[in-house]
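S.K.: The structure is given below, and queries will be raised subsequently.
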Amino acid sequence: MIGYVALLDVLGFKSIIAGDRVDEKLQEYLQALEDVTKTSAQDAAVKYVVFSDSIVLTSGDSIDSFKSLLSVCSQLFCMMLEKEIPLRGAVTYGAYLREPNSNGTFVAGRAVVDAYGFETAQDWVGVMVAPQAIRQIPDLKEQCRIVDGHSGRGLEFQTINEQQFPLCTVLQPYSQIPFHRIDSFEPNNYNGFAIVPTDGSSEPARVRDSLSRSYEKLKWLEHLAPDPQTQRKFQNTSAWIYNLLGTWQYIAHSKERMEEQKR
């Protein structure tokens, strides 16, 4: 079949299974998957297969399927971070085979390979959308736009495109997605789209709070990292989340102020 596929990888999985709380952490890992996939897939079914530190999620080929998959990835990203389980991954589009049988589920195909290639290319904690998926939605950047314009005083809640909240809360353009550097003289920042960690709500205050919790966890995990290279992965992500947090703090404050004025 043809549809959207996400491949998510748990970073530092070896240290998780080598720790003192291995059974508890693995149970948290599985429970988060079950909770999110049960509550997030609304218009289109999002199914998952897990093998050790790899999660493969699949959905249909409609826009609603794409949005449902993004929502699941956003919530998994957020929930796993809160449990100190960092994820890296990619969402793509293409042909794949998902075949359940009496002994398990088989998932394979070009889309899975493409997602794996973009997942491993990144050098941060995060989930990007691959070009194959972006190609299906030419106006994706417009659909992710948080505001329709700017006033002389800066960002105002009146300018926010509320119709776009569900998508713009979980996906944002980002011109500096870090890739592993192949050549020291070549740039390693990718201009694309990245998934925002949220709790599944498009309410500005809750988006702000999700981002705040994610930022704090990223900074904490940075301190726990065993070497500078690993620390850099968390630093790359926390810098992006910090900028998003500032935007949503302003949006939430503007909305609260407007609602107070209406009372």
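The values are calculated or read from the model by the stated rules, or taken from the named source; none is laboratory data. On a predicted model such as this, the values are computed, not experimentally measured, just so you know. Don't worry about glycine lacking a Cβ; one is built from the backbone with ideal geometry, like all the others, and counts go over all protein chains shown. Side chains are part of the model used for accessible areas, which takes the heavy atoms of the whole protein and leaves out ligands, DNA and RNA. Shrake-Rupley method; radii C 1.70, N 1.55, O 1.52, S 1.80 Å.
S.K.: What helices (runs of 4 or more DSSP H) completely inside the stretch 11-124 contain at least 2 residues that are modelled with pLDDT under 85, under 19 Å from the mean Cα position of the chain (by Cα) and exposed (fewer than 13 other Cβ atoms within 10 Å of the Cβ)? Outline the logic, then answer.
M.R.: Working: elements: 13-18, 22-40, 63-82, 110-121.
Ranges flagged: 22-40.
S.K.: Quick one: would you say Phe165 is closer than 19 Å to Gly246 by Cα and either in a helix (DSSP H, G or I) or open to solvent by 20 Å² or more (accessible area, probe 1.4 Å) (or both)?
M.R.: Working: closer than 19 Å to Gly246 by Cα: yes; either in a helix (DSSP H, G or I) or open to solvent by 20 Å² or more (accessible area, probe 1.4 Å) (or both): yes.
Criteria met by Phe165.
S.K.: In addition: Across the stretch 168-180, what is the total count of residues that are part of a loop (DSSP other than H, G, I, E, B) and buried (at least 16 other Cβ atoms within 10 Å of the Cβ)? Don't jump to the end; show me each part of the working.
M.R.: Just the residues of the stretch 168-180 that are part of a loop (DSSP other than H, G, I, E, B), to begin with: 169-170, 180.
Cutting the leftovers down to buried (at least 16 other Cβ atoms within 10 Å of the Cβ) gives us 169-170.
Total meeting the criteria: 2.
S.K.: Can you name every residue in the stretch 125-148 that is of a type in the set (Val, Ile, Thr) and assigned to a loop (DSSP other than H, G, I, E, B)? Lay out the reasoning, then the answer.
M.R.: Within the stretch 125-148, the subset of a type in the set (Val, Ile, Thr) is 125, 127, 129, 134, 137, 146-147.
Once the filter is applied, which keeps residues that are of a type in the set (Val, Ile, Thr) and assigned to a loop (DSSP other than H, G, I, E, B), the stretch 125-148 yields Val125, Ile137, Ile146.
S.K.: If you check Thr198, Thr247, Thr237, which single one turns out to be in contact with a Cys (Cβ under 7 Å, 6 or more places away or on another chain) and within 26 Å of Gln143 (Cβ to Cβ)? Steps first, answer last, please.
M.R.: On the way: Thr247 fails: in contact with a Cys (Cβ under 7 Å, 6 or more places away or on another chain); Thr237 fails: in contact with a Cys (Cβ under 7 Å, 6 or more places away or on another chain).
Of the residues listed, the single one that is in contact with a Cys (Cβ under 7 Å, 6 or more places away or on another chain) and within 26 Å of Gln143 (Cβ to Cβ) is Thr198.
S.K.: With respect to Gln229, determine if the residue is open to solvent by 90 Å² or more (accessible area, probe 1.4 Å) and either more than 22 Å from Leu70 (Cβ to Cβ) or within 18 Å of the chain's Cα centre (by Cα) (or both).
M.R.: Details: open to solvent by 90 Å² or more (accessible area, probe 1.4 Å): yes; either more than 22 Å from Leu70 (Cβ to Cβ) or within 18 Å of the chain's Cα centre (by Cα) (or both): yes.
Criteria met by Gln229.
S.K.: Shifting gears a bit: Scan the stretch 146-153 and give yes if some residue there is modelled with pLDDT of 95 or more and open to solvent by 10 Å² or more (accessible area, probe 1.4 Å), otherwise no. Lay out the reasoning, then the answer.
M.R.: To start, the set of residues in the stretch 146-153 that are modelled with pLDDT of 95 or more comprises none.
No, every residue in the stretch 146-153 fails to be modelled with pLDDT of 95 or more and open to solvent by 10 Å² or more (accessible area, probe 1.4 Å).
S.K.: If you don't mind, there's one more thing I want to ask. Check Asp209, Asp183 and return the single one that is in a helix (DSSP H, G or I), farther than 19 Å from Gly126 by Cβ, open to solvent by 40 Å² or more (accessible area, probe 1.4 Å) and free of Cβ contacts under 8 Å to residues at least 24 places away in the same chain.
M.R.: Working: Asp183 fails: in a helix (DSSP H, G or I).
Unique residue meeting the criteria: Asp209.
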